[in-house]
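What follows is a set of notes on a single structure, which appears directly below.
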Amino acid sequence: MSTAIPTDWRALSDQEVVQHAVLGRDAAYRELVRRYQRPVFSLIYRMVRDRELAEDLAQETFVKVLNAIGSYRPEFKFSSWIFKIANNAAIDQLRRRSLDTLSLDGSPHAETAEAIEATTLQVGDGRENALDEVANRELGGQIEAAIAQLRPEYRNCILLRHVDGRPYEEIAEILDLPLGTVKTYIHRARNELRILLADLREEG
Amino acid sequence: MTTSAPLHLTTEELDAFLLGTPSLRAVSHCATCPACDRLVQQDALVVRALGALPSFDPGPGFVERVMADVHLARPLAVPAPAPIPARSARAQSARRHLVAAGVLLGTATTAGFAWAAANPADALGFATPALREVGSALWLSLQAIAANTTEQPWFGALRDTLAVPARAVPLVVGAAALYAAALTGFKRLLTGPAIDAGR
């Protein structure tokens, strides 16, 4: 690896950016945060369903990873490492607060209308036209509601597989589970989602 | 004639459908099994819907908040050699005395050899009676040990036993084994205990 400071960080692989971070380069740290803030925050947010809490846990994840960057082993994928720490943070939080089944309607700790609004899971990314947006928000809301009802171990598996598009092997590495268990969890999660979505459609 | 029940799609076959790489068996099975076909369609719908879910961004200033708590790594430097610990004054004094004694002994020995080389007749005049006395004393001691041994009551029986090879060989081998065992035991006695012994 060249020790010269890169002009285009986006062209570098994760491993290369990490090597620059190990040399103490501030820009390399920022690039890692830029690359992973969205997927890490999304995963945690969908696990804990509380925006403020998810921000705190995502911040804690990045601080933990970046402060231990010297101990990163390049034979493993950086994404596996950061998702493992993010997942552990979310699971620990769920265990502490017993939030196994969560509401879509904001944080269970929100006490005022503003707090509920601020912590409600926002569905739709604002790029659709008005009609599409309504339809997508409805479908997205149903799926988010169904995901929220899954057991945490099914939830993180299905999110990593079908929302983040991680391969089974990487999910097994992230969650410290045997490959067969990961496949079983994902299969069961899909079965449950199928049933839950059918129920939600019938209710609608 | 027996007819086997149709084998429905396995988890792997369902996954293969989702990846767009179904096997021929799975495709032909779905063509004749409405339940599996519906399962494949519903699974595909769920997976498509999951894939279409939006990502979320943390609030503004997230990077700065993270960076405020991060300690940048320091570049790895070549470690400086460890300093040699300074000797105490007492150790230095002892070392000086040892060196002086060594030099003195070396000088005396060298001088002795030099004198002997220069005066061989005188040197032999001193050495010969002394060496003769030492040799005589060693020979007398050996004779005394031999006489003492042959006068022991067990000596006759031992000599008769060793005179027959069939009895002598096992006895010698046994004695050697006993000696080896004793040496091993002695070595173990002298070896210090392991650090974690007794834990």
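The values are calculated or read from the model by the stated rules, or taken from the named source; none is laboratory data. Computed from a predicted structure; not experimentally measured. Cβ coordinates were reconstructed from backbone atoms using ideal geometry, including for glycine residues, and neighbour counts include every protein chain displayed.
At-a-glance table
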{"item": "Some residue of region B:25-47 being exposed (fewer than 14 other Cβ atoms within 10 Å of the Cβ), of a type in the set (D, E, K, R) and under 20 Å from A:LEU159 (Cα atoms)", "result": "no"}
{"item": "Members of region B:60-72 found to be surrounded by 13 or more Cβ atoms within 10 Å (Cβ to Cβ) and not in a helix (DSSP H, G or I), listed by number", "result": "B:ASP69, B:VAL70, B:LEU72"}
{"item": "Test set (1) part of a helix (DSSP H, G or I); (2) within 14 Å of another protein chain (Cβ to nearest Cβ); (3) at pLDDT 90 or above - B:ASP15 fails condition number", "result": "(3)"}
{"item": "Pairs where the first residue, in region A:163-175, is within 11 Å of chain B (Cβ to nearest Cβ) and farther than 11 Å from A:LYS84 by Cβ and the second is crowded, with 21+ Cβ neighbours inside 10 Å and β-branched (Val, Ile, Thr), C-beta under 7 Å, 6+ apart", "result": "A:TYR168/A:VAL182"}
{"item": "Tabulated pairs, region B:37-65, first over 16 Å from B:GLU12 (Cα atoms) and within 8 Å of chain A (Cβ to nearest Cβ), second of a type in the set (Phe, Trp, Tyr) and assigned to a helix (DSSP H, G or I), C-beta under 8 angstrom, 6+ apart or interchain", "result": "B:PHE56/A:PHE41; B:PHE56/A:TYR45; B:ASP57/A:PHE41; B:PRO58/A:PHE41; B:PHE62/A:PHE41"}
{"item": "One residue from A:ALA27, A:ALA4, A:ALA21, A:ALA58 being surrounded by fewer than 22 Cβ atoms within 10 Å (Cβ to Cβ), of a type in the set (A, V, I, L, M, F, W, C) and within 11 Å of chain B (Cβ to nearest Cβ)", "result": "A:ALA27"}
{"item": "Criterion (modelled with pLDDT of 90 or more and part of a helix (DSSP H, G or I)) met by exactly one of B:ALA49, B:ALA94, B:ALA31", "result": "B:ALA31"}
{"item": "Any chance A:ARG190 is surrounded by fewer than 20 Cβ atoms within 10 Å (Cβ to Cβ), basic (Lys, Arg) and either assigned to a loop (DSSP other than H, G, I, E, B) or at pLDDT below 95 (or both)", "result": "no"}
{"item": "Region A:146-162, residues that are away from every other protein chain (no Cβ under 12 Å) and either in a loop (DSSP other than H, G, I, E, B) or of a type in the set (A, V, I, L, M) (or both)", "result": "A:ALA148, A:GLN149, A:ARG151"}
